[in-house]
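Throughout, read-outs are computed from the coordinates displayed, never taken from laboratory work. Since the model is a prediction, treat every value here as computed from it, not as a measurement. Counting neighbours? That spans all protein chains shown, and the Cβs are built from the backbone with ideal geometry, glycine included.
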Amino acid sequence: MIEQLFTKAVLVGILSSGIRLATPYLYASIGETFSQRSGVLNLGVEGQMLLGAFAAFYVAFSTGNLWLGMLAAIITGLLMGLAMAFVSINLQAVQGISGIGFYLFGLGMSDLLFQKLLGTVETVSGFRPVYIPWLSDIPIIGEIFFNQNILVYGAYFLVFAAWFVLNKTTLGLKIKAVGESPQAADSLGVSVRKVRYFAVGLGGIMSGIAGASLSIALLNVFQQNMTSGLGFIAIALVYFGGWRPFAVMGGALLFSMVNSLQLWVQVLNIPIPSNFAVMMPYVLTIFALIFSVQRVRPPSALSKPFERGH
């Protein structure tokens, strides 16, 4: 039965699904890349995603407008990001512990809001695939890459935009300088606090959009704890990619392709234990981190509070 995996239709399905499933990982991990590049470790990504997913779904479900749902997710993610920035930068809390606190807050609050405002699982008509003239008509290639919704295209555009900002702009230079040596950046007149607020706030926005991509673009439903650890995988992908947007994208695609493969294994009823199939992407992530941690160096000031004069 394993031969079914190598038919044209299944291979195209696996690749197309893999491209699509990478979307929330890309938004969340690129946002976290900016945050960590500035020196702030945000372990609350999962909670931000859950609240963003609920906000997007509830507003889209209530109004019938998907773009209003996206706006709700962006605002929710921004507020969560700014709250995380305040706790980490102003209060100088231990970032790992405060991040877990924000994750638990997002988990509990999204569950509470779901029970009070919805009460049962509902569905919405999410973003549909966008037809691109000529490109969508290309055999195989068009089916894989150009039969996706707008949030998928946006996620891959974000990778290019993040690379450009971090490597080709003054803003990117400031973000990296603050993450490597905030004292030196401060001595040159760079506001460490403002740069970190911007980066963490941007990370929150991206996490909110990542959640929205799940609830109103990929799954078109909201349910309790629907991210199931996706936010923590996104943080791991930042380490795997060495804080470089294109390498982070490579890790996201690797994970999503394996995830797509295990889904097709179950759909085709291939005689592989289902628990093993579900476990495959996470085992791969662990091995990838084991090997990648030896070759990358995190930003020198990552998770270290900054205080002028110290």
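Summary of computed values
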quantity: DSSP-assigned coil residues among chymotrypsin sites (Phe, Trp or Tyr not before Pro) in segment 107-147, each with at most 13 further Cβ atoms within 10 Å; calculated: Y131, W134
quantity: Translational D in µm²/s for segment 177-310 (Stokes-Einstein at 25 °C, 0.890 mPa s, Kirkwood Rh from C-alpha pairs); calculated: 140
quantity: log10 of Debye I(q)/I(0), alpha-carbon scatterers only, for segment 134-228 at 0.10, 0.12, 0.16, 0.17 Å⁻¹; calculated: -0.44, -0.59, -0.83, -0.87
quantity: More than 15 angstrom apart: percent of Cα pairs within segment 43-134; calculated: 64
quantity: Computed helical MRE - 222 nm, the chain, DSSP H runs ≥ 4 contributing -39500 (n - 2.57), nearest 500; calculated: -21500 deg cm²/dmol
quantity: Helix runs (DSSP H) in the chain reaching 24 Å along axis by Cα, Kyte-Doolittle at least 1.6; calculated: 66-85, 150-168, 274-292
quantity: Near-label residues of segment 15-43 by backbone N, under 20 Å of a point 7 Å along Cα→Cβ of F157; calculated: 19-32, 34
quantity: Semi-axes of the equivalent ellipsoid for the chain, Cα gyration tensor, largest first, Å; calculated: 33, 23, 19
quantity: Label-point gap, in nm, between T169 and V10 - each point 7 angstrom along Cα→Cβ; calculated: 4.5
quantity: Reachable lysines, given that their alpha-carbon falls under 18 Å from the alpha-carbon of K174 and they are not under 8 places away in the same chain; calculated: K194, K304
quantity: Order of I141, I235, I290 - criterion: other Cβ atoms within 10 Å of each residue's Cβ, fewest first; calculated: I290, I141, I235
quantity: Area projected by the alpha carbon convex hull of segment 1-64, averaged over all directions, nm²; calculated: 7.3
quantity: Ascending count of other beta-carbon atoms within 10 Å, so fewest first, for K194, K174, K8; calculated: K8, K194, K174
quantity: Estimated distance in nm for a label pair at F232 and N90, the labels positioned 7 Å out from Cα along Cα-to-Cβ; calculated: 3.0
